[in-house]
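The values are calculated or read from the model by the stated rules, or taken from the named source; none is laboratory data. None of the values given here were measured: they were computed from a predicted structure. Glycine also receives a Cβ, built like all others from the backbone with ideal geometry; neighbour counts cover every protein chain displayed. The protein model used for the area step is the full one, side chains on, heavy atoms only, and it has no ligands, DNA or RNA in it. Shrake-Rupley method; radii C 1.70, N 1.55, O 1.52, S 1.80 Å.
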Amino acid sequence: MAPQDKFTDILWLEEADSTNSELRRRLDSADNLSIISARSQTKGRGQGDHSWFSSPRTNLTFSILFRFPAAEGEPFAVRAGEEALLITCVTTLALRDYLLERGITARIKWPNDIWVGERKICGILIENILEGSFVRESIVGIGLDVNEENWPDNLPNPVSMKQLTGVHYNLDAELVALREQLCSRFETLGTLQGRSALLEEFNRYMFRLPEGQQ
């Protein structure tokens, strides 16, 4: 598939440097809520200068596009600044919903990691593209540890879905199910009541590490 070809759902690549970078390169051809996922990611990025570890064909490493109308009064418009936290709410709560359906109770470590107990199962990298005072598009990269069992020694507290449940998951099917949760949560941005509920629920499941342990 050439970069200029339109895609509207899930595009799987055998290899990508970073799915966030790949989605940014294909931004003009991607519809809202489209996903690029890589079987192998060679330069996966985390927060700051951190990298993201994932064995090839073992976990979910993908990016989803959230596109917003940059206009006052539009129901899905999101202002830059504090209101952009809603993008984090959508993403983290969708992941929590998805994991809960698989018998895994997760919580949200500020600002946007997903933990199960004291172990990290998912990292999120959000890159917003602004138009004036609004977020025009948001590229949300997600690394979810699905079938991983072999970890580098320098990772302090990782865990995968397979380690928690004993189940080996089909990555294609799991991504379809997770996309449904992301789309469902995204729809709640369309009303003030939905936005308020997102923030309330996010705060209920969010925790912060003590200062010095960030």
Within the stretch 85-109, tally of residues that are more than 21 Å from Phe186 (Cβ to Cβ) and either under 14 Å from the mean Cα position of the chain (by Cα) or open to solvent by less than 50 Å² (accessible area, probe 1.4 Å) (or both): 2
Would you confirm whether any residue within the stretch 173-187 is closer than 24 Å to Leu65 by Cβ and outside any helix (DSSP H, G or I)? no
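Just need a number here: residues in the stretch 168-183 that are within 14 Å of the chain's Cα centre (by Cα) and either small (Gly, Ala, Ser) or on the phi > 0 side of the Ramachandran plot (or both).
Residues meeting the conditions: 1.
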Going through the stretch 11-45 in order, the residues found to be hydrophobic (A, V, I, L, M, F, W, C), within 16 Å of Leu175 (Cα to Cα) and in a strand (DSSP E or B) are Leu11, Trp12, Leu13, Ile35, Ile36, Ala38
